[in-house]
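Before any comments, here is the structure.
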Amino acid sequence: MTITLEPTVHGDRVSLLRVLGPAHVWALGVGIVLVGEFTGWNFAADKGGALAALIVCWVVGLLYTSVAMIDSEVTSTVAAAGGQYAQAKHIVGPLMAFNVALFLVFAYTMLEVSDAILLGDTIVAKAGVEGLTHNSFIAATIVVLAWLNYRGVLMTLNVNFVITAIAYISIVVLFFSVSPWTQGAVLKLNELVTPDNALPYGWIGVIAAFQFGIWYYLGIEGTTQAAEEVRSPARSLPYGTMAGMITLLIAAAMTWYVCASMMPWEYLGITYYPLWDAGKLTGSPLLENLLFIATLLAALASANGCINDAARAWFSLGRDRYLPTWFSAVHPKYRTPYRSILFLLPIALAFAFIADLNQAITFSILSGVLQYTFMSINIVMFRKKWPLGSIRRGYTHPFHPLPAIVLFCLCVVTFFAIFLGFGSQLIAMVAFYFLISLWFHFYRYKFVRRGDQFTMPWPKPQGY
Amino acid sequence: MWMALSYACWGISIVLALWMLYDWFKVDTTFSEEVLTSSREGELEAVSEKHRI
């Protein structure tokens, strides 16, 4: 393939392209998350029973609704690639911003790794061929999606929109295929979830289930990474994010209802494919194959969005000299952060080949929850430094500071739940962020051009 | 069939990885570093949004 490159076609500056609309924002957010309905959320049932999985569906839904509302307000004002990183830089300070960017890169890269492993394992499970391993499917997933991201954001998110919509529709088709209005024919919720087994480990089981309840919605905040590439960030980002959250709440409720009504909690809590299994249990080959394909598409959409988001966070760090500026290069033809995409590609491949699914997703969840904790503090500081009326906001979230308080409290509960299951990983991760913060403060920050990093045309914050 | 699909996945991965490396090399040798790293945060935003209340 030959590519013609015109050295002067873009003038002096090469920037990311503003070509996206609200549908792409929806595709990015829901695409990253929807895989959690196909696997992951159901491990909450193993921790606390089927009812615990439903309780955390709603309570963690509250956490993420707070995330979506807070994120929509701040990002409709700080419309820059890097999302929460750019928010932290302007509102809290450089050290927090550096940490938040690392949370983002880790959360998305590890989620991408988990998606690729899931896709490979699903194909191997379907094939049932001796000697077939998941490595080739993992490599193809990561490399093909990296190539797609390399070639341009518009096609990347158009593809994400289509495959996410197909995966979502498959859940709706399954839901209506099992006559959800009738118990006893296909669904047997009243037999499978009884007062005796609804919460087999009591309320501590519900707390422990929080760790996997995150899977219902993990990654919806990724919509903000598109801030520099949407045509109208103040309108598209809140609209796409909130629409995505509503979509996911509906999908989570349908998924729980169908799966809890078809499988006992002991099995539901350990299977890797709850929706695919539900499709098999209907006895319909059409539904079984539809849910198999939907599982693959959901994993692809998630990995695709994760590559997009991790690369933009890494690119933003380079642009502000928090990392070498080499990473801030934009492809002159495709207008993508191509060096960041290529740099993260072998890292994702290496983790996918050596890590197991549980380890990868735990690191992703940990980084995500650290980020949500930051967001609850960030919005309080944002409202205090720039009160309503002092700068233009594309969206103003209601009931402040209630969502921030709810978010913070639920993050504390989730940390406790993660500590119960993965205490050593939690401590190791916090130690890593502490050490890397020392490196940034004492070594790297001297390379940063301090005046250049604050780019929003805002008035001085109150109290300064 | 599944084994053939597995080999095809390796093949596609290698071809696309090589293409990206080739394109990376070509871009980096065609354009100056100054042009490639010339993107600035919030540049377009500052022009399009007035932030007047």
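No lab work stands behind these numbers, since they all come straight from the coordinates. Remember, it's a predicted structure, so these values are computed and weren't measured experimentally. With ideal geometry, Cβ positions are generated from the backbone for all residues, glycine too; neighbour counts draw on all protein chains shown.
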For q values of 0.05, 0.12, 0.13 Å⁻¹, compute log₁₀ I(q)/I(0) with the Debye formula on a Cα-only model of the protein assembly as shown, without solvent. -0.19, -1.09, -1.27
Got a sec? Charge dipole of the protein assembly as shown, +1 on Cβ for Lys and Arg, -1 for Asp and Glu; which of A:120, A:52, B:2 is way out at the positive end? A:52
Note on the range A:106-216: contact order normalised by length, alpha-carbon pairs under 8 Å, 6 or more apart, percent, works out to 12
Tell me, what is the FRET efficiency for residue B:8 and residue A:464 to the nearest 0.05, using R0 = 56 angstrom and their Cβ-Cβ distance as r? 0.40
Cβ neighbours within 10 Å, averaged per peptide: list A:135-145, A:378-388, A:175-185, A:301-311 in order, most packed at the top. A:301-311, A:135-145, A:378-388, A:175-185
What full-extension length gain, to one decimal in nm, is calculated for residue A:173 and residue A:354 as 0.36 nm per residue of separation minus the Cα-Cα distance? 61.5 nm
Quick check on my link table: of A:384/A:446; A:333/A:384; A:47/A:126; A:126/A:188; A:47/A:280, which ones sit more than 31 Å apart, alpha carbon to alpha carbon? A:333/A:384
Evaluate 2.2 N^0.38 Å with N set to the residue count of the range A:1-138, then give the Cα radius of gyration divided by it. 1.42
Other protein chain Cβ atoms within 10 Å, averaged over every residue that makes up B:18-30: 4
Could you work out the pair-distance distribution P(r) of the range A:402-464 from its alpha-carbon pairs, with 10 angstrom bin width and percents rounded to whole numbers? 16, 23, 31, 27, 3
Mind checking A:131-140 for the average number of partner chain beta-carbons within 10 Å of each residue's beta-carbon? 5
Just rank A:375, A:155, A:263, fewest to most, by other beta-carbon atoms within 10 angstrom. A:155, A:263, A:375
